[in-house]
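The values are calculated or read from the model by the stated rules, or taken from the named source; none is laboratory data. Quantities reported herein were computed from a predicted structural model and do not represent experimental measurements. Here the Cβ is made from the backbone with ideal geometry for all residues, glycine too, and neighbour counts use every protein chain on show.
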Amino acid sequence: MYYLYILKCKDGTLYTGITVGLEHRVIEHNTSKRGAKYTKSRRPVKLVYSRRFRNRSNAQKEEARIKSLSRNEKLLLIEGGAD
């Protein structure tokens, strides 16, 4: 199972990614050198959206789609919640 997720950073920006271990990945973003370069200087981050996918390909396609959205569109997605 793959998870697409959106994090809200300390500075209010949003970060989108995919992973197979959602809880572990959020911990990495907050504490580890393995967290994304973008989030390292914006800690703490908070998980605000997640969605499950059966395969990596579908998760990556949705990640690309979400990354192309405007900030306001992403906020509307987050407000709508996860599937």
All positions within segment 24-83 that are of a type in the set (A, V, I, L, M, F, W, C) and closer than 13 Å to Leu14 by Cβ: Ala36, Val45, Leu47, Val48, Ile66, Leu69, Leu75, Leu76, Leu77, Ile78
Total residues in segment 40-83, condition at pLDDT below 95 and under 21 Å from Tyr2 (Cα atoms): 4
Residues satisfying the stated conditions in segment 34-49, i.e. crowded, with 17+ Cβ neighbours inside 10 Å and not hydrophobic (A, V, I, L, M, F, W, C): Gly35, Thr39, Arg42, Tyr49
Conditions (1) over 11 Å from Tyr5 (Cβ atoms); (2) surrounded by 13 or more Cβ atoms within 10 Å (Cβ to Cβ); number of the one not met by Thr31: (2)
